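A.B. asks: Quick one: the structure is below, questions incoming.
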Amino acid sequence: MSLTQEERNIMVQLEIERAERMLTEFPIYIENNLWNTLVNRMYYAVFHAATALLISKGLHAGTHQGVFILLSQHFIKEGILSTEEGRLFSRLETLREKGDYNCFIDPEAEEVLPLIEPAKAFVAHISALIANKT
């Protein structure tokens with residue numbers, strides 16, 4: 001199914017709004033020591049931002065792994081996003097999957113807290129790329 005430019009713009013805006021809204025939830029999870037939930041929300045914030053970037057370029061991925069592959073091929077490999085941003089996406093995806101699907105794994109504050117600012121920066125960077133039509 002092909003989208004019009006107007007439809008694509010709406011989807012991009014909705015994805016970015018969702019990513020940014022998730023960022024505002026972080027303090028709730030920190031205050032309540034909900035590290036697994038925080039990891040989940042961090043991952044989905046970067047996931048929705050990445051999805052917005054892909055949509056803005058007319059790209060579509062059907063899976064989470066597909067989003068990472070397209071992000072790598074079209075933005076990391078081209079130097080638009082850094083390898084560190086790619087590693088962050090991958091790290092958050094791994095932590096989220098472990099926390100969501102393995103009841104024996106619950107991340108600790110020391111592992112999660114250092115990822116907050118990079119996740120916020122990732123979303124901000126992608127928002128700026130979209131705004132600048134890069």
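A.B. asks: Any idea which residue in segment 5-24 is farthest from MET42 (Cα to Cα), counting only those that are among the charged types (D, E, K, R) and either exposed (fewer than 14 other Cβ atoms within 10 Å of the Cβ) or at pLDDT below 95 (or both)? Outline the logic, then answer.
C.D. replies: Within segment 5-24, the first condition is being among the charged types (D, E, K, R), and the residues that meet it are 6-8, 15, 17-18, 20-21.
Those still in the list that are either exposed (fewer than 14 other Cβ atoms within 10 Å of the Cβ) or at pLDDT below 95 (or both) too: 6-8, 17, 21.
Details: GLU6: 28, GLU7: 26, ARG8: 24, GLU17: 14, ARG21: 11 Å.
Here the residue is GLU6.
A.B. asks: Please pick out the residue among ALA52, ALA45 that is surrounded by 18 or more Cβ atoms within 10 Å (Cβ to Cβ), under 24 Å from PRO107 (Cα atoms), small (Gly, Ala, Ser) and modelled with pLDDT of 95 or more. Can you show your working first?
C.D. replies: Details: ALA52 fails: under 24 Å from PRO107 (Cα atoms).
Answer to the selection: ALA45.
A.B. asks: From the set of residues in segment 97-120 that are more than 19 Å from ASN32 (Cα to Cα) and in contact (Cβ under 8 Å) with a residue 24 or more places away in the chain, which is surrounded by the most Cβ atoms within 10 Å (Cβ to Cβ)?
C.D. replies: So, considering only residues that are more than 19 Å from ASN32 (Cα to Cα) and in contact (Cβ under 8 Å) with a residue 24 or more places away in the chain, the one surrounded by the most Cβ atoms within 10 Å (Cβ to Cβ) is ALA119.
A.B. asks: Follow-up question, since we're still on this one. Which ranges mark the helices (runs of 4 or more DSSP H) fully within segment 4-122 that have 3 or more residues being closer than 21 Å to LYS133 by Cβ?
C.D. replies: On the way: elements: 5-31, 35-56, 64-71, 83-101, 109-112.
Here the list reads 5-31, 35-56, 64-71.
A.B. asks: Next question. Mind counting the residues in segment 61-96 that are of a type outside the set (A, V, I, L, M) and either surrounded by 15 or more Cβ atoms within 10 Å (Cβ to Cβ) or within 15 Å of ALA119 (Cβ to Cβ) (or both)?
C.D. replies: Let us first name the residues in segment 61-96 that are of a type outside the set (A, V, I, L, M), namely 62-66, 68, 72-75, 77-79, 82-87, 89-91, 93-94, 96.
The next check asks that each one be either surrounded by 15 or more Cβ atoms within 10 Å (Cβ to Cβ) or within 15 Å of ALA119 (Cβ to Cβ) (or both); those that pass are 64, 68, 72, 74-75, 82, 84-87, 89-91, 93-94, 96.
The number of residues fulfilling the criteria is 16.
A.B. asks: Kindly provide the set of residues from segment 57-81 that are within 15 Å of the chain's Cα centre (by Cα), polar (S, T, N, Q) and modelled with pLDDT of 95 or more, ordered by number.
C.D. replies: Residue satisfying the conditions is SER72 alone.
A.B. asks: Now a separate question. For segment 14-37, which positions are touching a residue at least 24 places away in the same chain (Cβ under 8 Å) and not hydrophobic (A, V, I, L, M, F, W, C)?
C.D. replies: Across segment 14-37, the qualifying residues are GLU15, ARG18, GLU20, ASN33, ASN36.
The values are calculated or read from the model by the stated rules, or taken from the named source; none is laboratory data. Fair warning: this is a prediction, and the values are worked out from it, not measured in the lab. When we count neighbours, we look across all protein chains shown, and the Cβ atoms used for this are built from the backbone with ideal geometry, even at glycine.
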